[in-house]
Amino acid sequence: MMRQSAIAIWCLLLVLSAKSAMAQTQSAGLMNFDSAGKRIACTNRDSGTVSIVSYPELKVQHEVPIGLHPEGVAWIGTSSQLACCVYGDDKVVIVDADSGKVTQTISVFDEPYGVVSSADGQFLYVTLEYPGKVLRIRSSTGAVDAEWAVGNMLRGLALSADGKSLFATEYLTSKLIEFSAGDGTVKRSWEGASTDNLCRQVVLSPSGDKAYLTHIRSRVTAAHGNGSIFPYVSVARLTGEKAGTRTRIPMDSLRGARVTANPWDCDISPDGKFLYVAFAGTNELFVCRITGDDHVELDYHAGLRLGNNPRAVRCSPDGKTLVIYNALDFNIVAYNMTDGNVIGSVEVTKNPLPEDILLGKKLFYTALQPMSSRNWISCSSCHPDGDADGRTWQQPEGLRNTQPMTGLAWTHPLHWSSDRDEVQDFEHTIRGKLMQGQGLMRGNLPEAMADKISGRSDSLDALAAYTNSHKFSLSPWAKNGLSESAQRGRTIFLSEQTKCATCHGGPLYSDSRPADRDKLVLHDVGTGGDDPSELMGPKYDTPTLLGVYRSAPYLHHGKAATLRDVLTTQNAGDKHGVTSHLKPEEIDDLVEFLKALPYEDPAPAAKAAGLVEVRK
């Protein structure tokens, strides 16, 4: 419940004009209103569906299955057609909102995330997170008629009101890039700080003078919860005397000591006076007054308590309602902009997850107690949706590159140093200096790798069940099978000369297996001496190579920027595979093979080989 004092400061300044005389900007998101303001579309990542909801009635008209892990959704022009990015199936699906039927499926290379439509509905623009491209698609035919490499790991996307410029964000750096909607030519860019990370969305002001980006700051040199992760909104100036400049605003400073976590999405009121920021880690929303200057930029105005894991916020075109999508409550909730009161809600999809997985996912995404006491950090701050954050952290034991969680269930023990034999051991992290939470179990906590603690806490077991649930996706580089180059690389990989498969063998391309502490398999690959702060090396666990194509940087210390570096500049003495004798073209072939992993589902072969998959 919002306190009366918070309600009062909403005031009548939040009553907005019903329509704007200006052409409208567009921003990608997993929830959007249609051009008439009569319907809302939202994608449901866990259900694999898109829901069409009437407004203001908030009645589900259709829920349409579209595929694995959908993300961005956009209405095509003024039509009743929707474009949905199906991130996990590498396709853009067109849905007729009137009939609730899929009318077209467009295959793309990999990981479509954000989508916007031209005002006339002629073109769709889509970001591909990997490998970092923007596609232009003709809506009438579904043909990709242009493909532009404008940045790396792109997610957020916005279209200017005149339809001439697109703005994309780099997910891992928060860099904002402006480029031509006509030919993809990059016009200019706004760099983030070296610590900026996880930038999912960008919205443009109605006047087109500024862009607003939600992201976090990852201070990799800090191993404390009150110094490592910070919530930010960046303001990029597009016009005026300070055009081309950018201000980064720490959102935890707007209310003194009131800390928030994981800003996921934001939106601007139709009159351009307020910015609404949803925090997926602390389940709240900040209403920020846009000051109109180039100095302070944002003032705190009011706040709301939201549901579990809010991932989208949109202002209704009529300026009366703020709509929130709570991803782990599977609903959207509408708030009156005049006083902040709830005016309606609707369940947009049924919970598709087993109860323990749902509980584990809620714990994984929250930065509140019992997981975190200072509110800055959640598990998802570094492992969003099971992915890596592209960062190498200075941990007490040394430098540690964040690893993706896909296939984790097959390759216990955990961490580069194999210092956790079960996910439940992360109770040490929850109670420790990083998260400073109350924890999920009662009583004394055994040392990691000592007595098992699975079965002692339903919440810890649920966290483990979710963490172990992430499956491998097939590599986009092997959609048509292994290329000739990758086939040559496979021969090199499996050869006795290189010895790559000695450690990275079997269907999981790893010799890491659930085992007792005295049976751990660790290897000295010559990297332990590269980090003066290292306390646990020089032997490390063997990570799986499945999905390695998108998880740069590499090695425990993150000093290999590319797969080629792993095989060459970071392989002194041939301790990490014998590769010094290989010709440049053979290195190329070996890299192509690594990029193609996995080219088939490893689970059947792993089960046939008697390998153990940890469920909890």
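Taking segment 58-84 and a reference point 7 angstrom along Cα→Cβ of Gln122, the backbone N atoms nearer than 17 Å belong to 76-79.
Here the Debye sum runs over all C-alpha atoms of segment 281-403 as equal scatterers in vacuum, and log10 of I(q)/I(0) at q = 0.13, 0.15, 0.21 Å⁻¹ comes out as -0.70, -0.88, -1.24. Within segment 130-214, all pairs of alpha-carbon atoms sorted by distance into 10 Å bins from zero give the percentages 18, 51, 28, 4, 0. Diffusion coefficient (Stokes-Einstein, Kirkwood radius over C-alpha pairs, 25 °C, 0.890 mPa s) for segment 476-608: 158 µm²/s, rounded to a whole number.
Between 0 and 90 degrees, the angle of helix 458-467 with respect to the longest Cα principal axis of the chain falls at about 80 degrees.
Rg/Rh for segment 211-348 stands at 0.98; both radii use Cα atoms, and Rh follows the Kirkwood definition. Placing +1 on the Cβ of every Lys and Arg and -1 on the Cβ of every Asp and Glu, with nothing else charged, gives the chain a dipole about its Cα centre of roughly 1040 debye. Shape analysis of segment 370-421 yields a ratio of the Cα radius of gyration to the Kirkwood radius, Rg/Rh, of 0.97.
Across the alpha-carbon set of segment 173-269, the Rg to Rh ratio works out to 1.01, Rh being the Kirkwood radius. Convex hull volume per residue, computed on the Cα atoms of segment 174-226, equals 105 Å³.
A simple spin-label model places pseudo-atoms 7 Å from Cα toward Cβ; at Asp385 and Ala561 they are separated by 2.7 nm. Comparing segment 122-175 with the 2.2 N^0.38 Å rule of thumb, its C-alpha radius of gyration ratio is 1.12 (two decimals).
Remark: spin-label model distance Glu147-Arg615 equals 4.2 nm, labels positioned 7 Å along the Cα→Cβ axis.
What's the magnitude of the charge dipole for segment 356-467 around its Cα centre, counting Lys and Arg as +1 and Asp and Glu as -1 at the beta-carbon? Answer in Debye, nearest 20.
380 debye
For the listed residue pairs Lys91/Lys361; Lys210/Lys320; Lys361/Lys616; Lys175/Lys595; Lys187/Lys242, the alpha carbons are over 19 angstrom apart in Lys91/Lys361; Lys210/Lys320; Lys175/Lys595.
In order along segment 198-215, phi translates into HN-Hα couplings of 6, 9, 9, 9, 9, 10, 9, 5, x, 7, x, 8, 9, 10, 10, 10, 9, 6 Hz, rounded to whole numbers, per the Karplus curve 6.51 cos²θ - 1.76 cosθ + 1.60 with θ = phi - 60° and x for Gly and Pro.
With R₀ set to 45 Å, the beta-carbon distance separating Ala515 from Glu355 gives a calculated FRET efficiency near 0.90. From largest to smallest, the equivalent ellipsoid semi-axes obtained for segment 486-560 from the alpha-carbon gyration tensor read 22, 17, 12 Å.
Which value in deg cm²/dmol, rounded to the nearest 500, describes the helix-derived mean residue ellipticity at 222 nm for the chain, given -39,500 (n - 2.57) per DSSP H run of n ≥ 4 and division by the residue count?
Only helices count here, giving -3000 deg cm²/dmol.
Share of pairwise Cα-Cα distances greater than 25 Å in segment 356-467 is 12 percent (whole percent). Each residue, Asp98 and Lys471, gets one label point 7 Å from its Cα in the Cβ direction; the gap between the two is 3.6 nm. Cα convex hull, the chain: 153 Å³ per residue, rounded to a whole number. Each 5 Å bin from zero holds the following percent of Cα-Cα pairs in segment 213-276: 4, 15, 20, 24, 18, 10, 6, 2, 0. Normalised by 2.2 N^0.38 Å, where N is the number of residues, the alpha-carbon radius of gyration of segment 312-353 equals 1.21.
Here Ser54 and His581 are evaluated by their C-beta separation; at R0 = 41 Å the FRET efficiency comes out at 0.05. Using 0.36 nm per residue and subtracting the Cα-Cα separation, the extra length available between Phe109 and Asp458 on full extension is 121.6 nm.
When the chain is fully extended, how far beyond the present Cα-Cα distance does Ser207 get from Glu484, taking 0.36 nm per residue of separation?
That pair, Ser207 and Glu484, stretches by 94.5 nm at full extension.
For the chain, the longest principal axis of the C-alpha atoms and the axis of helix 484-494 are separated by about 40°.
Every number in this text was worked out from the coordinates using simple rules, so none of it is lab data. Since this is a predicted model, take the numbers as computed values, not measurements. Backbone-built Cβ (ideal geometry, glycine too); neighbour counts: all protein chains shown.
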